Amino acid sequence: ETGVTQSPTHLIKTRGQQVTLRCSSQSGHNTVSWYQQALGQGPQFIFQYYREEENGRGNFPPRFSGLQFPNYSSELNVNALELDDSALYLCASSLGGLAGASGEQYFGPGTRLTVT
Amino acid sequence: SQQGEEDPQALSIQEGENATMNCSYKTSINNLQWYRQNSGRGLVHLILIRSNEREKHSGRLRVTLDTSKKSSSLLITASRAADTASYFCATGDTGTASKLTFGTGTRLQVTL
């Protein structure tokens, strides 16, 4: 167990709807990263938050947005859901800084999102 | 996009045998990490090797890194049925955002 929790575990949404996924980071970690993992693929980086500010973004459209709270927990919001958004969404916490200390990350169990 | 490829895509061995997985990447890196994933759930960190290191050991795991060839290998010795999982390499970015770029993964099946 990594101490990183995510909710909900599973979610089914309809195309065009909006969804919010939540992540609680491991105690003492100030950085949260979100990844999307399609079936049979490796995870792809969505974005990262460090001390409540976005600190890097992957190749995802603006309808993917996020927040980090003072307790370092985080939310991932996806608007106007598309069928291709169906995936496992993983959050990972780490201890980082603006210099980008790329250390090991601790992953949560993921949220399985199905868009119909 | 994926950073690179992992080879093989799938590997089936018997318990007690060694398993070797290879990973190639495309850009300069800060570090390379290996993760394990069981049944499409969360990833578990196995080992991290920095760009200035060539080999690292952790228990039954041995990782090598060749930055000139942009490749890494993960060796699991004396495999067990519990090692059955997908294994991913991930490279740590040298830029200001500490993001991981994952490979496509190797599915390892260890049979009794």
Test result for A:GLY66, in a loop (DSSP other than H, G, I, E, B) and away from chain B (no Cβ under 13 Å): no
In the stretch B:57-82, what count of residues is obtained for those that are charged (D, E, K, R), within 19 Å of B:LEU112 (Cα to Cα) and touching a Gly at 6+ places or on another chain (Cβ under 9 Å)? 1
Matching residues in the stretch B:11-34 (under 12 Å from B:ASP83 (Cα atoms) and free of Cβ contacts under 8 Å to residues at least 60 places away in the same chain) number 0
Considering only the stretch B:29-63, state which residues are closer than 17 Å to B:ARG80 by Cβ and more than 11 Å from chain A (Cβ to nearest Cβ). B:SER58, B:GLY59, B:ARG60, B:LEU61, B:ARG62
Answer yes or no as to whether A:ASN59 is more than 26 Å from B:TYR87 (Cα to Cα), over 12 Å from the mean Cα position of the chain (by Cα) and not small (Gly, Ala, Ser). no
Do we find that B:PHE102 is in contact with a Pro (Cβ under 6 Å, 6 or more places away or on another chain) and within 14 Å of chain A (Cβ to nearest Cβ) in this structure? yes
Being of a type in the set (A, V, I, L, M, F, W, C) and within 14 Å of chain A (Cβ to nearest Cβ): is that true of B:ILE76 here? no
Which numbered condition in (1) under 21 Å from A:GLN37 (Cα atoms); (2) surrounded by fewer than 17 Cβ atoms within 10 Å (Cβ to Cβ); (3) more than 10 Å from chain A (Cβ to nearest Cβ); (4) not hydrophobic (A, V, I, L, M, F, W, C) is the only one that B:TYR25 fails? (2)
So B:SER12 ticks every box in (1) part of a strand (DSSP E or B); (2) surrounded by 15 or more Cβ atoms within 10 Å (Cβ to Cβ) but one. Which box is left unticked? (2)
Of all the residues that make up the stretch B:67-83, how many are without any contact (Cβ under 8 Å) to a residue 40 or more places away in the chain, out of contact with any Ser or Thr (no Cβ under 7 Å at 6 or more places or on another chain) and surrounded by 12 or more Cβ atoms within 10 Å (Cβ to Cβ)? 0
With respect to the numbered conditions (1) assigned to a loop (DSSP other than H, G, I, E, B); (2) more than 13 Å from chain B (Cβ to nearest Cβ); (3) of a type in the set (Val, Ile, Thr), which one is the sole condition not fulfilled by A:THR20? (1)
Yes/no for A:TYR35 being closer than 16 Å to B:ARG41 by Cα and either more than 10 Å from chain B (Cβ to nearest Cβ) or touching a residue at least 12 places away in the same chain (Cβ under 8 Å) (or both): yes
Taking the stated definitions as given, is A:GLY40 surrounded by fewer than 21 Cβ atoms within 10 Å (Cβ to Cβ), part of a loop (DSSP other than H, G, I, E, B) and at positive phi? yes
Is it true that some residue in the stretch B:87-101 is farther than 24 Å from A:TYR50 by Cα and at pLDDT 95 or above? yes
Please specify each residue of the stretch A:1-17 satisfying the condition of being among the hydrophobic types (A, V, I, L, M, F, W, C) and in a loop (DSSP other than H, G, I, E, B). A:VAL4
Residue pairs within 7 Å by beta carbon, gap of at least six or interchain, first lying in the stretch A:1-24 and more than 19 Å from B:ARG41 (Cα to Cα), second of a type in the set (Val, Ile, Thr) and assigned to a strand (DSSP E or B), listed first then second, are A:LYS13/A:VAL19; A:LYS13/A:VAL115; A:ARG15/A:VAL115; A:GLN18/A:VAL78; A:VAL19/A:VAL78
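The values are calculated or read from the model by the stated rules, or taken from the named source; none is laboratory data. Just so it is clear, the model here is predicted, and its values are computed rather than measured. Positions of Cβ are backbone-derived with ideal geometry, glycine not excepted, and every protein chain shown enters the neighbour counts.
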